[in-house]
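None of the figures in this text is laboratory data; all of them are computed from the coordinates on show. Here the structure is a predicted model, which is why all the values come from computation and not from measurement. Cβ sites come from the backbone with ideal geometry, for glycine too, and all protein chains shown count toward neighbours.
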Amino acid sequence: MFDNFVIPDFLPAAPEIFLATMAMAILMIDLFIKDSRRTVTFVLAQATLVACAAIQVFTSTGEITYTFSNMFVDDMMADLLKLFVYMTMVIVLFYSRAYLFERPNMNKGEYYVLALFATLGMLVMISANNFVTVYVGLELLSLSLYAMVAMNRDSLASTEAAMKYFVLGALASGMLLYGMSMIYGATGTLEITELAEALYNGENNRTVLVFGLVFLVSGLAFKLGVVPFHMWIPDVYHGAPTPVTLLIGSAPKLAAFALVMRLLVSGLITLAQDWQQMLIILSVLSMAVGNLAAIAQTNLKRMLAYSAISHMGFMLLGIVTGVVSGDARYALNAYSSAMFYVIAYVLMTTCGFGVILMMSKAGFEADNLDDYKGLNKRSPWFAGVMLIVMFSMAGVPPFIGFFAKFSVLQAVVASGQIWLAIVAVVFSLIGAFYYLRVVKLMYFDAPQDDSVIVAPNHIRILLSANGLAVAALGLAPQVIMSLCAYALLRSL
Amino acid sequence: MDFQTAVFFFLSAILIFAALRVITARNPVYAALHLMLAFFTTGGIWLMLQAEFLAIALIVVYVGAVMVLFLFVVMMLDINIDRIREGFWRYLPLGAVLGLLMVLEMGLVLGSKYFQVPLAEATVPAGVSNTREIGALLVTDYVLPFELAAVILLVGMIAAVVLTFRGVKKSKISNPNTQVFVKAKDRIRVLQMPVEKD
């Protein structure tokens, strides 16, 4: 029965294996650590992430390698996205630390362990080459996040957010699975590369395929949080403790991008005509609803939630312009612009939430827009950092957000869908209003609270570096842009 | 109509009835019991497809473990069903229209010729045990998702502990000796705290 089975090559999955082992080890070590010495857990978690990044770099061959009976793929796109995931998680854990330290009911070792398991889920999603692996990775990520959202269990808002996230997440997983099973029914394979071949060569039942595709796209849209599957985003961003919101809003977007690339682009590119139409609708709706609803918000976390919806809509524009009437000439350009967009967005959003986390202190969440009134008088430097983030999100040159929007728009125009580019620009302009309102509050209003902002030095340095990266990468966007293009060229 | 088809329709009718009762029953305990019935009949249909492992797993795992646990939870909690149903009538028209559309579309696709496989093609050859096949696949080709599923279960356990564990409870025995000798300064402690904003 096991005659033709060969032991899989573990090397391409070395970072994942190391991460899983370390997460379980840290879980055990944490049991023997006193609550007052939680820093040990923190340092171990950070060291694990850094070591994973090192392993990733040293084991990378640059070739497309399949292992675990083609369940797992390691290519340049996976390597690059995983390195960004490690980097984002390191930043997220640094920003969260002071916040957790001031709230003893949240400062538990499980926070770091669950964050590591969530990272493992993202890595698996990024490297998945089989529907089963995709689903398992997604569930690992989601389950860790549900628990983290509910970790502040005495807060009604947090538990409600966790419940909503859990129920809607389960529904989305159901849709995704149903779609996958239909596509399996039409092609007879679960493996993504084999699926692409089967679609390219064979006579498959198109109705069943498109039927499955509809469910697949709906499930993906839930996970990406685009309209009309966005209902959970504002409540979860608002209700979750801010470090968890930061986590949900940053690294998982990279994994979600990889998921779209693996399922739709690598697997179902033959059906591009169909899923591009669906994604265009989702994208335009997201930009409209996200940008318009954000104007009405008074809570900064909620505002950033709607902003996330509109940004994901914008990112989808890069995905929908890959294939123009059966011609994939612009595909590389379009997909790498979407990848650049998602990386730029993650960089901006970590910085934005970093400022919120730095402003909060024990018993006080700095999540209302009014809390930012007169920030310039209290701390000109961090008002400057927030200014960079807001300008960048609004798409003002020369920050990175501008080039992200610019490259996606270029791809849209190259595909000949001028109307789509115009819609995107108009909604971006509307969106600029609420970003600039934050700037106005910080610079032109009188502060409500004159207390000095206290933050440990390493947070100040990291936050400044993050803000400066948003500005500096805007001056040299080619660095990341060419990395994305090269990674995709070697992977697709 | 041969015997197998008759059994299929019989089980399907019960399944549909049970599924409907799950969502229409006013009492959550009845809803849970009907869900168990739905699982049983689904298990029966899977048995007819010769997927005996899946059928047994469904009944052992879902009916035996999950639903019994679920029944306990439902009985322990005092769920006010009327409050949950608030707004039911208001959302019914929109929900009904969307639901009907979905059912029609799904019916068109799933009722098509493509899914009507002749019974002869769908049967498993003699001598093949699908329990054995699934077992072998789990530890060979599917070992990666299998291990990851184990990690998911671990995360579930961690989550359950972190969300419910509130520290070790000390026993509540009072010691009369210390009660007699207590002084005022043992009862009240004056703390110096920084001012917090709410």
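Here are a few things to note about the model shown:
- Spherically averaged projected area of the stretch A:364-491 from its Cα convex hull (nm²): 10.0 nm²
- Alpha-carbon centroids, the stretch A:274-333 and the stretch B:102-161: separation in whole Å: 34 Å
- The Cα-based radius of gyration of the stretch B:125-165, divided by its Kirkwood radius, gives an Rg/Rh of 1.29.
- For A:Lys373, distant residues with modelled amide H under 5 Å away: A:Gln448
- For the stretch A:43-185, the share of alpha carbon pairs falling in successive 5 Å distance bins from zero is 2, 9, 15, 18, 18, 15, 11, 7, 3, 1, 0 percent.
- For chain B, the longest principal axis of the C-alpha atoms and the axis of helix B:67-76 are separated by about 40°.
- Look at the dipole of the stretch B:13-163 built from charges on Cβ: of B:Phe115, B:Thr140, B:Ala150, the Cα furthest out on the positive end belongs to B:Phe115.
- Neighbour-limited loop hits for GluC sites (Glu not before Pro), the stretch A:170-251 (at most 15 other Cβ within 10 Å; DSSP other than H, G, I, E, B): A:Glu203
- In the protein assembly as shown, taking the dipole from charged Cβ atoms about the Cα centre, the farthest positive-side position among B:Leu69, B:Ile16, A:Ala469 is held by A:Ala469.
- Estimated vicinal HN-Hα couplings, Hz - the stretch A:118-130 in sequence order (Karplus 6.51, -1.76, 1.60; Gly, Pro = x): 4, 4, 4, x, 5, 4, 5, 4, 5, 9, 6, 10, 8
- Proximity of backbone amide H atoms, modeled 1.01 Å from N, is registered between A:Val324 and A:Arg329, A:Tyr330 at under 5 Å, excluding neighbours fewer than 5 places apart on the same chain.
- Averaged over peptide B:156-166, the number of partner chain Cβ atoms lying within 10 Å of each residue's Cβ comes to 5.
- Protection-proxy order for peptides A:397-405, A:324-332, B:174-182, A:336-344, each taking the mean of Cβ atoms within 10 Å per residue, highest first: A:336-344, A:397-405, A:324-332, B:174-182
- Shielding by other protein chains, A:4-13, mean Cβ within 10 Å: 1
- Only lysines eight or more places from A:Lys405 in sequence, or on another chain, were considered; those with a Cα closer than 17 Å are A:Lys253.
- Spatially proximal aspartates and glutamates relative to A:Lys373 (Cα-Cα < 18 Å; intrachain offsets below 8 disregarded): A:Glu365, A:Asp445, A:Asp449, A:Asp450, B:Asp198
- Computed over the stretch A:273-421, the Cα gyration tensor eigenvalues convert (square root of 5λ each) into semi-axes of 34, 15, 11 Å, ordered from largest to smallest.
- What the phi angles of the stretch A:474-487 give under the Karplus curve with 6.51, -1.76 and 1.60, with θ = phi - 60°, is a coupling list of x, 7, 10, x, 4, 4, 6, 4, 6, 4, 4, 4, 5, 4 Hz, glycine and proline written as x.
- Each Lys and Arg contributes +1 and each Asp and Glu -1, all at the Cβ; summed about the Cα centre of chain B, the dipole is approximately 1540 debye.
- log10 of Debye I(q)/I(0), alpha-carbon scatterers only, for chain B at 0.10, 0.11, 0.14 Å⁻¹: -0.77, -0.88, -1.23
- The C-alpha radius of gyration of the stretch B:81-198, expressed as a fraction of 2.2 N^0.38 Å, stands at 2.34.
- For peptides A:118-126, A:159-167, sequence by mean Cβ density within 10 Å, most packed first: A:118-126, A:159-167
- Only alpha carbons enter this Debye calculation for the protein assembly as shown, each as an equal point scatterer, and the log10 of I(q)/I(0) it gives at q = 0.07, 0.08 Å⁻¹ is -0.52, -0.67.
- Where GluC sites (Glu not before Pro) in DSSP loops with at most 13 other Cβ within 10 Å are excluded, longest remaining stretch of chain B: B:87-195
- Between the alpha-carbon centres of the stretch B:10-56 and the stretch A:232-248 there is a gap of 37 Å.
- When all alpha carbon pairs of the stretch A:13-97 are counted in 10 Å bins from zero, the resulting P(r) reads 16, 43, 27, 12, 2 %.
- Using every pair of distinct Cα positions in the stretch A:219-268, the Kirkwood expression returns a hydrodynamic radius of 11.7 angstrom.
- Chain A, helix-only ellipticity at 222 nm - DSSP H runs n ≥ 4, -39,500 (n - 2.57), divided by all residues, nearest 500: -24500 deg cm²/dmol
- Mean-position separation - Cα centroids, the stretch A:374-442 and the stretch A:1-34, in angstrom: 42 Å
- With the charge dipole of the stretch A:6-73 set up from +1 on Lys and Arg Cβ and -1 on Asp and Glu Cβ about the Cα centre, the Cα lying farthest toward the positive end among the listed residues A:Gly62, A:Ala51, A:Ser36 is that of A:Ser36.
- In the stretch A:210-337, Rg over Rh equals 1.00, where Rg is the alpha-carbon radius of gyration and Rh the Kirkwood radius from pairwise Cα distances.
- 3J(HN,Hα) along the stretch A:373-380: 4, x, 4, 4, 6, 7, 7, x Hz, from the Karplus curve 6.51 cos²θ - 1.76 cosθ + 1.60 with θ = phi - 60°, whole Hz, x for Gly and Pro.
- Mean partner shielding of peptide A:122-129, defined as the number of other chain Cβ atoms within 10 Å of each residue Cβ, is 1.
- Set of aspartates and glutamates near A:Lys223 by C-alpha distance (under 18 Å), chain-local residues within fewer than 8 positions excluded: A:Glu139, A:Asp235
- The relative contact order of chain B comes to 15 percent, based on Cα pairs under 8 Å that sit 6 or more residues apart.
- Placed amide H near A:Phe72: partners under 5 Å, 5+ positions off or other chain: A:Thr67, A:Asn129
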